[in-house]
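Please read the structure below before turning to the comments.
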């Protein structure tokens, strides 16, 4: 198990346990994290699981794929350099303590 810190748009922090090998989106949904919708179920067909990866984690998770990049272009919330779709981030031991801010608008 690893831990993830989700920060909601109001700045409230919530730390949850994440199962290794599951996506960050699945982790958020498993723990009823507000704001992470995952409308497409993680099939990279929407942007309803948009998060902002906090420092120093941006370098650790890397940048989006071309398909993810296209989906982020259509996201409702502001796109930032640290924007990622949580369905595309797989939890690993290296990401223990990962901190992300949930984008304020998903649908």
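No value in this document is a laboratory result; all are computed from the given coordinates. As the structure is a prediction and not an experimental result, all values here were calculated from the model. Cβ sites come from the backbone with ideal geometry, for glycine too, and all protein chains shown count toward neighbours.
Just to be sure I understand, if you calculate Cα extents along the principal axes in Å for this structure, which of (i) 47, 47, 28; (ii) 32, 26, 25; (iii) 53, 19, 16 do you get?
(ii)
For the chain, modelled as a GNM with alpha-carbon contacts under 10 angstrom, which of 49, 87, 40 fluctuates the most?
Comparing 49, 87, 40 in the GNM, the peak value goes to 40.
With label points built 7 Å along Cα→Cβ from the Cα atoms of residue 90 and residue 73, find their separation and express it in nm.
It is 2.7 nm.
Once the Cβ-Cβ distance between residue 39 and residue 60 is put in as r, and R0 is 22 Å, what FRET efficiency do you end up with, to the nearest 0.05? Let's see the in-between values first.
Working: r = 27 Å, r/R0 = 1.21.
That pair, residue 39 with residue 60, gives E of 0.25.
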